[in-house]
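**Q** This is the structure, below, for whatever I ask next.
The values are calculated or read from the model by the stated rules, or taken from the named source; none is laboratory data. Treat the numbers as computed from the prediction; the structure is a model and nothing was measured. Cβ atoms come from the backbone with ideal geometry, glycine included; neighbour counts cover every protein chain shown. Ligands, DNA and RNA are excluded from the accessible area calculation, which covers all protein heavy atoms including side chains. Shrake-Rupley method; radii C 1.70, N 1.55, O 1.52, S 1.80 Å.
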Number of protein chains: 2
Amino acid sequence: MGDDILNRGLEGIRVAETRLSDIDGEAGELTIGGYSVDELARNATYEESVFLLFHDRLPSPDELDEFRADLAGQRTIGDEVRAVLRRAADEDKPAMDALRMGAAAANLGAGAEDPEADARRVIAVFPTIVATYWRYREGEAPVEPREDLRHAANYLYMLTGEEPDDPAVRGLETYLNTVVDHGLNASTFTARTVVSTESDVVSAATAAVGALKGPLHGGAPGPVLDMLRTVHERGDPEAFVREKLDAGERLMGFGHRVYRVRDPRAAVLSAAASEFYEDAGDTEFFESVKAFEDVAVDLLAEHKPDRRLDTNVEFYTAALLDGVGIPKELFTACFAVSRVGGWTAHALEQLGDNRLIRPLSTYVGDHDRSWTPVVER
Amino acid sequence: MGDDILNRGLEGIRVAETRLSDIDGEAGELTIGGYSVDELARNATYEESVFLLFHDRLPSPDELDEFRADLAGQRTIGDEVRAVLRRAADEDKPAMDALRMGAAAANLGAGAEDPEADARRVIAVFPTIVATYWRYREGEAPVEPREDLRHAANYLYMLTGEEPDDPAVRGLETYLNTVVDHGLNASTFTARTVVSTESDVVSAATAAVGALKGPLHGGAPGPVLDMLRTVHERGDPEAFVREKLDAGERLMGFGHRVYRVRDPRAAVLSAAASEFYEDAGDTEFFESVKAFEDVAVDLLAEHKPDRRLDTNVEFYTAALLDGVGIPKELFTACFAVSRVGGWTAHALEQLGDNRLIRPLSTYVGDHDRSWTPVVER
């Protein structure tokens, strides 16, 4: 087997067939469950997006009511898990660590192992885990989930203790729909690898949280927000971008490994943010964000004429999530609150037609070493 | 990219170069850290095996003292994690679920993120997590770890509350050394994929627990023990094997995806079990196990002349772990208590020369669906 090829990034290797999402990097198109990301994100509630991923069709009114009620009825986490989240907050662990701890314990208080039931349970508790951690971190008591609110609204409610207004819910929901699935990224692939051993969906989602935590995957939307705020305050985006480029620094929020044109999710999130800030009657910050994009894209094209660098999903994620009231420390965890729909759908798809994922390694170490007892070392 | 090849199991794809272990399936040879599995397993303490994996050489006496003391000094888990394990036990969740929960929270009470420190912490707490869960499940109070005992001895001590005798410690330690690493199996690959995003070692080990939980990977050593006990009580292995083969059933404990001859770990574990049962003055059960192996190998060769089916690692794992006092419900978790050394070493190796692992998928769903509002469905 020594002549097999070493492919450390698995570039160009297709490891799954999926009906969940399709990325066309050249054309800048993303299809989720058969819908363009724009069509889905604008129209769906998060519950509809998840139902679509699970069942490859939209729910009937009755099915949607049932699906919503099922998720809403299992949002509570037990006191033991709360105590762990409180400890994570007290020790100032990152939100993604707290989410990993909560996710790992998601089947406490739930029934026996069942793939789709596990998937629904995990999706239901992710916002509760993140919000509970955040409340402790802010020195506040956690807010009990409310069954009468839909997924996105209840998440904001648990974060703040106040019922959110419609523009904020709609803004967050558009975000949750937009990033719910995106082909075989590292976390989704991790989830599929875990269940390929016929393990369970809770284990798969927990593993995926760990993969998303890495900055090469989950990115750095928090620092993007800091940058947007700095540029807004300074008021001279051109000077800012020129300084960065002259110093040879990468400009956060631009460029993507797959997309050769503008990330289609950036357009959806930009429109959602625009709508949100207009509804909120607070357009000043967002106008400076858009002006920054225009200036940066032009200067990047001038600077690297051979490669188009457009805004990626992080750029408008920062602007939109900040607007609807998500603290920047929770941006990556909020990504997970959405993507868990995709992770669990991929896990179910993998389990439905499974094959163990088991690549090889090339050994580069010694052979036939002889043992030396410790006293002779 | 449509002409890339679909390879759902990643067969024949080499995704890492490693100096940690090497499997020669044709020859039936396993090298761990440069030593044959036999050479390592017979001679090393578990702490030496892990040091070897981390540093590619055996520790000096001083280094070994320091390494042992470091692991021994951080075996305690916090009250919050204990409470979660108690809940898992009360709800009769499997040991691997409890281990996933405890692993996910392993960095509570530990310092800031640091790959090698995280690795040591995870290794140190795995036995505590498993033993704490087990004590609760048995309706007993957890046993505080003892710093003066080495890794394997302390694990047995925490399970039973009694200081184990030398044969049991040596038997368990041989097991822990034997299965500490084994190329790129699904859980080790999961650990490497998670840190390939530049995530952390705690996340990697937690993810790996989830992958090992799956029966296609972690296997079923518990049921193997039941089988060995049944055959021992019935006293007629030939009739048992013939019944299974005539019924077209698979014989547990035989055959391996990679090894075409006897799994070299089976030989090591068989010798260790033989030694253990002799020392314990209780050879009756083990003699029937060996007789069962002989009969089964002969009958399998008769039944499937084109493919050799030999005992695999599970066969003697069951006999050895049962002997040293590990309850069968903990066999897979005990596998993890060993393998976490390999997982963390692979994670450190990956982080030391990293590349994001990100394969592709092939989309097989629809495109350009049009949204239908819920009231019109």
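**Q** Just the residues that are more than 7 Å from every other protein chain (Cβ to nearest Cβ) and either open to solvent by 10 Å² or more (accessible area, probe 1.4 Å) or free of Cβ contacts under 8 Å to residues at least 12 places away in the same chain (or both), please, taken from the range B:193-220.
**A** B:219, B:220
**Q** Of (1) loosely packed, with under 14 Cβ neighbours inside 10 Å; (2) touching a residue at least 12 places away in the same chain (Cβ under 8 Å), residue B:274 satisfies all except one. Which?
**A** Of (1) loosely packed, with under 14 Cβ neighbours inside 10 Å; (2) touching a residue at least 12 places away in the same chain (Cβ under 8 Å), only one is false for residue B:274: (1).
**Q** Filter the range B:40-67 down to the residues that are assigned to a helix (DSSP H, G or I), touching a residue at least 60 places away in the same chain (Cβ under 8 Å) and either surrounded by 21 or more Cβ atoms within 10 Å (Cβ to Cβ) or more than 11 Å from chain A (Cβ to nearest Cβ) (or both) and list them by number. Steps first, answer last, please.
**A** Just the residues of the range B:40-67 that are assigned to a helix (DSSP H, G or I), to begin with: B:40-43, B:46-55, B:61-67.
Cutting the leftovers down to touching a residue at least 60 places away in the same chain (Cβ under 8 Å) gives us B:40-42, B:46-47, B:49-50, B:53-54.
Listed by number, the residues that qualify are B:40, B:41, B:46, B:47, B:49, B:50, B:53, B:54.
**Q** Sticking with this one: Looking at the range A:77-109 only, could you name the residues that are among the small types (Gly, Ala, Ser), open to solvent by less than 50 Å² (accessible area, probe 1.4 Å), within 9 Å of chain B (Cβ to nearest Cβ) and outside any helix (DSSP H, G or I)? Please lay out each step first, then the result.
**A** The first filter runs over the range A:77-109 and keeps only residues among the small types (Gly, Ala, Ser), leaving A:78, A:83, A:88-89, A:95, A:98, A:102-106, A:109.
Then keep just the ones that are open to solvent by less than 50 Å² (accessible area, probe 1.4 Å); that gives A:78, A:83, A:88-89, A:95, A:98, A:102-106.
Those still in the list that are within 9 Å of chain B (Cβ to nearest Cβ) too: A:78, A:83, A:88, A:102-105.
Within the range A:77-109, A:78, A:105 meet the criteria.
**Q** Of the residues in the range B:326-377, how many are within 22 Å of residue B:129 (Cα to Cα), over 11 Å from the mean Cα position of the chain (by Cα) and among the basic types (Lys, Arg)?
**A** Adding up the residues that qualify gives 1.
**Q** Right, something else. Could we say that residue B:171 is open to solvent by less than 10 Å² (accessible area, probe 1.4 Å) and not polar (S, T, N, Q) here?
**A** Working: open to solvent by less than 10 Å² (accessible area, probe 1.4 Å): yes; not polar (S, T, N, Q): yes.
Here the answer is yes, as residue B:171 does meet what is asked.
**Q** Sort through A:280, A:291 and tell me the only one that's closer than 30 Å to residue A:89 by Cβ, open to solvent by 40 Å² or more (accessible area, probe 1.4 Å) and over 24 Å from the mean Cα position of the chain (by Cα). Spell out how you get there, then give the answer.
**A** Numbers: A:291 fails: closer than 30 Å to residue A:89 by Cβ.
Answer to the check: A:280.
**Q** Go through the residues of the range A:28-38 one by one and say whether even a single one is at pLDDT below 95, open to solvent by 10 Å² or more (accessible area, probe 1.4 Å) and not aromatic (Phe, Trp, Tyr).
**A** Within the range A:28-38, the subset at pLDDT below 95 is A:28.
Now drop any that are not open to solvent by 10 Å² or more (accessible area, probe 1.4 Å), which leaves A:28.
From what's left, not aromatic (Phe, Trp, Tyr): A:28.
Yes: the range A:28-38 contains one or more residues that are at pLDDT below 95, open to solvent by 10 Å² or more (accessible area, probe 1.4 Å) and not aromatic (Phe, Trp, Tyr).
**Q** Residues being within 19 Å of residue B:185 (Cα to Cα) and among the aromatic types (Phe, Trp, Tyr): count how many of those fall in the range A:167-226.
**A** 1
**Q** Do we find a residue being part of a loop (DSSP other than H, G, I, E, B), at negative phi and at the interface with chain B (Cβ under 7 Å from one of its Cβ atoms) anywhere in the range A:340-355?
**A** Going residue by residue through the range A:340-355, those that are part of a loop (DSSP other than H, G, I, E, B) are A:353-355.
Narrowing the set further to residues that are at negative phi leaves A:353-355.
Restricting the remaining residues to those that are at the interface with chain B (Cβ under 7 Å from one of its Cβ atoms) gives A:355.
Yes - at least one qualifying residue is present in the range A:340-355.
Quick grid of which residues meet (1) in contact with a Gly (Cβ under 9 Å, 6 or more places away or on another chain); (2) assigned by TED's automatic domain parsing to the domain that holds residue A:52:
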| site | (1), (2) |
| --- | --- |
| A:300 | yes, no |
| A:316 | yes, no |
| A:319 | no, no |
| A:341 | no, yes |
| A:346 | no, yes |
| A:365 | yes, no |
| A:373 | no, no |
| A:376 | no, no |
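**Q** Would you point out the residue of the range A:182-192, among those that are surrounded by 24 or more Cβ atoms within 10 Å (Cβ to Cβ) and more than 7 Å from every other protein chain (Cβ to nearest Cβ), that is nearest to residue B:356 (Cα to Cα)?
**A** A:187
**Q** Moving to a separate point now. Condition test on residue B:144, is it under 22 Å from residue A:90 (Cβ atoms) and surrounded by fewer than 24 Cβ atoms within 10 Å (Cβ to Cβ)?
**A** Working: under 22 Å from residue A:90 (Cβ atoms): no; surrounded by fewer than 24 Cβ atoms within 10 Å (Cβ to Cβ): yes.
The answer is no for residue B:144.
**Q** With (1) buried (at least 21 other Cβ atoms within 10 Å of the Cβ); (2) in contact with a helix residue (DSSP H, G or I) (Cβ under 6 Å, 6 or more places away or on another chain) as the list, and residue B:238 as the residue in question, which single condition is left unmet?
**A** Just one mismatch for residue B:238, condition (1).
**Q** Among the numbered criteria (1) within 18 Å of the chain's Cα centre (by Cα); (2) acidic (Asp, Glu); (3) facing chain A (nearest Cβ under 10 Å), which one does residue B:11 miss?
**A** Just one mismatch for residue B:11, condition (1).
**Q** Let me ask something else about it. Say whether the condition of being open to solvent by 10 Å² or more (accessible area, probe 1.4 Å), over 28 Å from residue B:169 (Cα atoms) and not in a loop (DSSP other than H, G, I, E, B) is met by at least one residue in the range B:262-271.
**A** Within the range B:262-271, none of the residues are open to solvent by 10 Å² or more (accessible area, probe 1.4 Å), over 28 Å from residue B:169 (Cα atoms) and not in a loop (DSSP other than H, G, I, E, B).
**Q** Of everything in the range A:14-27 that's open to solvent by less than 30 Å² (accessible area, probe 1.4 Å) and in a loop (DSSP other than H, G, I, E, B), which residue is nearest to the other protein chains (Cβ to nearest Cβ)?
**A** In the first step, residues of the range A:14-27 are kept if they are open to solvent by less than 30 Å² (accessible area, probe 1.4 Å); the result is A:14-16, A:18, A:20-21, A:25.
Among the residues that remain, those that are also in a loop (DSSP other than H, G, I, E, B) are: A:20, A:25.
On the way: A:20: 7, A:25: 9 Å.
It comes out as A:20.
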